[in-house]
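The structure appears right after this line, and notes come after that.
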Amino acid sequence: MNESLDVDKLEQEVKGVYRAVAETPDEEFHFEMGRPLAARLGYPAADLDAVPEAAVESFAGVGYHFELVDVREGDDVLDLGSGSGTDAFVAARHVGDTGSVTGLDMTEAQLENARQLRDEGGFDSVSFEHGYVEDLPFEDESFDVVISNGVINLSAEKERVFRETNRVLRPGGRLGISDIISETQMPDSIKTSSDLWAACIGGAEQINDYTAMIEAAGFRDVEVRENPQYDFISEQAQGACQKYGVKSISLTARNR
């Protein structure tokens, strides 16, 4: 973790951004949102049709990883940073009545919305819990699959996130994530800015370092795919993309 980064300020910045996403999804953000984005990233229309419309309106993911991680009937799935609940609801379609999906988020406004949409939609296999991706409030070997979409880059303790993820996965468990990375190392002026972290730029790890963290946490068979169909929309973010190769990837891996 970068010692120069104000982690408390970072948390408040991130919570502020995603509280606004939950409460006013029609506002302008540095990232695109909604169904057109989800469709372009690869979400099948049948899945999006089955997800509550309000959840899809607040969708702010950066990739589509379900085809990589292969969520199956009966799986117990954990969604890190579940936000509006879109990925949790999609996963619920894959796990069926014999599986379960648990969404984890630190933003109360997102949790309130997701829980209400779950109840209204009758998603009985889905729960949403409050917590932090660096300190998962679950027992060892609780899940078959962990997914996450555009969230881990926001953490200042990515190594801990991946260790915790491996801890809660059962043997043979699968990791499927979409996230923001960079091709080259970024300077401290960007890496220590909580504003730029909240904008999904400052926390983007150099790709080789990112995959090395995953392997160091005990994962193997790491497979990475770029998502060129994802674009940032603010000038600030586009500048970082051009200068440092900030981009979206989807990734899958297995634990022991």
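The values are calculated or read from the model by the stated rules, or taken from the named source; none is laboratory data. Quick caveat, the model's predicted, so the values are computed rather than measured. Note: accessible area is taken over every heavy atom of the protein model, side chains too, but ligands, DNA and RNA are not part of it. Shrake-Rupley method; radii C 1.70, N 1.55, O 1.52, S 1.80 Å.
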Problem set entry | Accessible area in the full protein assembly, largest first, 1.4 Å probe, for K243, K158 | K243, K158
Exercise. In region 84-197, if every C-alpha pair distance is counted and binned at 10 Å from zero, what percent goes to each bin?
Worked result: 12, 41, 33, 12, 2
For this session: Give the accessible area for F123 in Å² (nearest 10); use a 1.4 Å probe, count only protein heavy atoms, and leave out ligands, DNA and RNA.
Result: 40 Å²
Problem set entry | Whole-Hz ³J(HN,Hα) from phi, Karplus 6.51 cos²θ - 1.76 cosθ + 1.60, for region 86-101, glycine and proline x | 4, 5, 5, 5, 4, 4, 4, 5, 7, 7, x, 6, 8, x, 8, 10
Problem set entry | Table column - 3J(HN,Hα) (Hz), region 166-175, Karplus curve with 6.51, -1.76, 1.60, x for Gly and Pro | 5, 4, 8, 7, 6, x, x, x, 10, 10
For this session: Quote to one decimal, in nm, the extra length available between V224 and D188 on full extension: 0.36 nm per residue of separation minus the C-alpha distance between them.
Result: 10.3 nm
Problem set entry | Rel. contact order, % - alpha carbon contacts under 8 angstrom, at least six apart, region 116-179 | 40 percent
Exercise. How high is the relative contact order of region 87-132, in percent, counting Cα pairs under 8 Å that sit 6 or more residues apart?
Worked result: 47 percent
Problem set entry | Karplus 3J(HN,Hα) series, Hz, for region 105-117 with 6.51 cos²θ - 1.76 cosθ + 1.60 (x for Gly, Pro) | 8, 9, 9, 4, 4, 5, 4, 4, 4, 5, 5, 5, 5
